[in-house]
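The values are calculated or read from the model by the stated rules, or taken from the named source; none is laboratory data. This one's a predicted model, so the numbers in the text were calculated from it and none came from an experiment. Because the Cβ atoms are built from the backbone with ideal geometry, glycine has one as well, and the counts that use them run over all protein chains shown. Just the protein is used for accessible areas: all its heavy atoms, side chains included, with ligands, DNA and RNA removed. Shrake-Rupley method; radii C 1.70, N 1.55, O 1.52, S 1.80 Å.
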Amino acid sequence: MNRRRFLGAIGTVGSGAVAGCSTLGSTAPGSSVTLAYDAAPPHFQAVVMDQEGWLDEMAAEYESTEASCNSIVQLLVSGNADIGMIGTVPALVVADSDTEASVVSASSTDAFVVMISAAVADRFETNADGFAGFREEYGRRFKLGTYPKGSVSDITARYWITEVRGESLEDVELVHLGGPGASRQALLAEEVDGGVIPEPTPTLIEERTMAPYRRVTQVGEFIPGEPAGVTVVRDEFAKANPSVVDEFVARHAAATEFIAENRDQAAAYMSDVYGGETALDTATARAALNSPATQYVSDPREIIEGTAVLAEYANRLGKTETVLETDQLVDPSYYERAVEE
């Protein structure tokens, strides 16, 4: 695996204001872009752009594909996708491969909530030895649900246990679950004693169930700016099509603004993503959007420190062969040009 290189000079392109989503620079006729995105809350701007028809309005011709983060990694690495909206750890995996790629925008930060069984939550709202004390009292390790090993959820849990609480992973059984649905079911069935999960699942549990869990902290309190989702672009494509990337980043920023200013419509889109009113009703989705654990951003400079933590842990857990440096991974030039000029 070779270390990805920082994007070199990309030439001069025109710029325009984000307001009104004006087209930036000039795009060669017939230019085409393959966008692959995970239609999940951490990458919610993709859903907004698709639902609002903004992809169809762009100067380049977009082909968009919904897929899992792991599938998007393969699409990017194989050159079958140009732009990917994925989780931060999958983005690190892409950048650590032979395919040189850059993070050109953030999508969401501070997404993960630590929910603990109400019966023992008091232990974890102080600096007491919560996990060790739990093991001594109950004769077993605390079962903490996370997404798969090496995911942002898993890394967040490990960091909270060892770096924030100063406790040992030996007192915790990390139960690796497949995603929001599996996490929700594990909590509702009380198969775990707690979980490190993103919105809207915590709000859904609180407002739609009687499950005995409560929030004890969230990642924004101990890794401010930890990114859950990002936009990653293959460097080869970006160098050949800088104005296309500029316009995409401008639209992404407009989608972030849309989410902030049109909560009701954004909640309706989130409900649709989760399977409609029976799975996640619009009112609950709106409450989740108002949660401090739901922060949608576009400026990639806001995630540099949080990305550094994830990069270190991703390497420790064998997700990457190198510890990727943020100045080699995050390229804010597109955002600066497309949004700030």
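How much net charge surrounds GLU170 when only the other residues with a Cβ under 11 Å from the Cβ of GLU170 are counted, with Lys and Arg +1 and Asp and Glu -1? Provide the component values of the computation, followed by the final result.
Details: positive: ARG135, ARG141; negative: GLU167, ASP171, GLU173.
Taking every other residue near GLU170 into account, the sum is -1.
Starting from the Kirkwood Rh over alpha-carbon pairs, what translational D in µm² s⁻¹ does region 154-294 have by Stokes-Einstein at 25 °C and 0.890 mPa s? Mind dumping the intermediate values first?
Working: Rh = 17.5 Å.
It comes out at roughly 140 µm²/s.
Quote to one decimal, in nm, the extra length available between SER68 and GLU277 on full extension: 0.36 nm per residue of separation minus the C-alpha distance between them. Walk me through the numbers before you get to the answer.
Values: separation 209, 0.36 × 209 = 75.24 nm, distance 2.27 nm.
So the extension gain works out to 73.0 nm.
Nearest 5 percent is fine: what portion of the DSSP beta bridges confined to the chain is antiparallel? Kindly include the intermediate steps, with their values, before the conclusion.
On the way: 24 of 41 bridges.
The answer is about 60 percent antiparallel.
Counting only other residues whose beta carbon sits under 12 Å from that of GLU302, what net charge do I get with K and R as +1, D and E as -1?
Combined, the nearby Lys, Arg, Asp and Glu give -3.
Estimate the FRET efficiency between GLU173 and GLU57 by the formula 1/(1 + (r/R0)^6), using the beta-carbon distance for r and 45 Å for R0, to the nearest 0.05.
Values: r = 49 Å, r/R0 = 1.09.
Calculated transfer efficiency: 0.35.
So which trypsin sites (Lys or Arg not before Pro) in region 120-160 pass both tests, a DSSP loop state and at most 12 other Cβ atoms within 10 Å of the Cβ? Walk me through the intermediate numbers first.
Details: sites: ARG123, ARG135, ARG140, ARG141, LYS143, LYS149, ARG158; in loops: ARG140, ARG141, LYS149.
Loop-located and lightly packed - ARG140.
With an 8 Å Cα cut-off and a minimum separation of 6 or more residues, compute the relative contact order for region 116-267 in percent. Kindly include the intermediate steps, with their values, before the conclusion.
Values: 148 pairs, mean separation 36.9, N = 152.
The value is 24 percent.
Obtain the nm distance between the two label points defined at ASN315 and ALA182 by a simple spin-label model: each point lies 7 Å from its Cα along the Cα-to-C-beta direction.
2.8
As I understand it, the dipole of the chain uses +1 on the Cβ of Lys and Arg and -1 on the Cβ of Asp and Glu, about the Cα centre. Which of ALA238, THR320, PRO42 lies farthest toward its positive end?
THR320
With contacts defined as alpha carbon pairs under 8 Å and 6 or more residues apart, what's the relative contact order of the chain in percent?
Answer for the chain is 29 percent.
Once you have the Cα-Cα distance between ASP299 and ASN127, take 0.36 nm times their residue separation minus that, and quote the gain in nm to one decimal. Can you show the working numbers first?
Numbers: separation 172, 0.36 × 172 = 61.92 nm, distance 3.39 nm.
Separation in residues times 0.36 nm, less the Cα-Cα distance, equals 58.5 nm.
Just one of [x] 20.1, 69; [y] 19.5, 62; [z] 20.5, 63 is Rg and Dmax of the Cα atoms in Å as worked out from the coordinates here. Which one is it?
Only one option fits the structure, namely [x].
Charges only on Cβ, +1 for Lys and Arg, -1 for Asp and Glu: so what's the dipole of the chain about the Cα centre, in debye to the nearest 20? Display every interim value, and only then the final one.
Numbers: 24 positive and 53 negative charges, 125 e Å.
The dipole of the chain has a size of about 600 debye.
Want the number for ALA189 to GLU325: 0.36 nm per residue separation, take away the alpha-carbon distance, what's left? Could you put the intermediate results ahead of the total?
Values: separation 136, 0.36 × 136 = 48.96 nm, distance 4.08 nm.
Value of the extension gain: 44.9 nm.
If you roll a 1.4 Å probe over the heavy atoms of the protein chains, what accessible area per residue do you get for the chain, in Å²? Let's see the in-between values first.
Working: 13440 Å² over 341 residues.
Accessible area per residue: 39 Å².
Give me the Kirkwood hydrodynamic radius of region 185-257, using the inverse of the mean 1/r over all pairs of distinct Cα atoms, in Å to one decimal. Show your work: numbers first, answer last.
Working: mean 1/r = 0.0631 Å⁻¹.
So the Kirkwood estimate lands at 15.9 Å.
Taking the Cα centre of each part, how many Å lie between region 292-341 and region 215-235?
About 9 Å separates the Cα centre of region 292-341 from the one of region 215-235.
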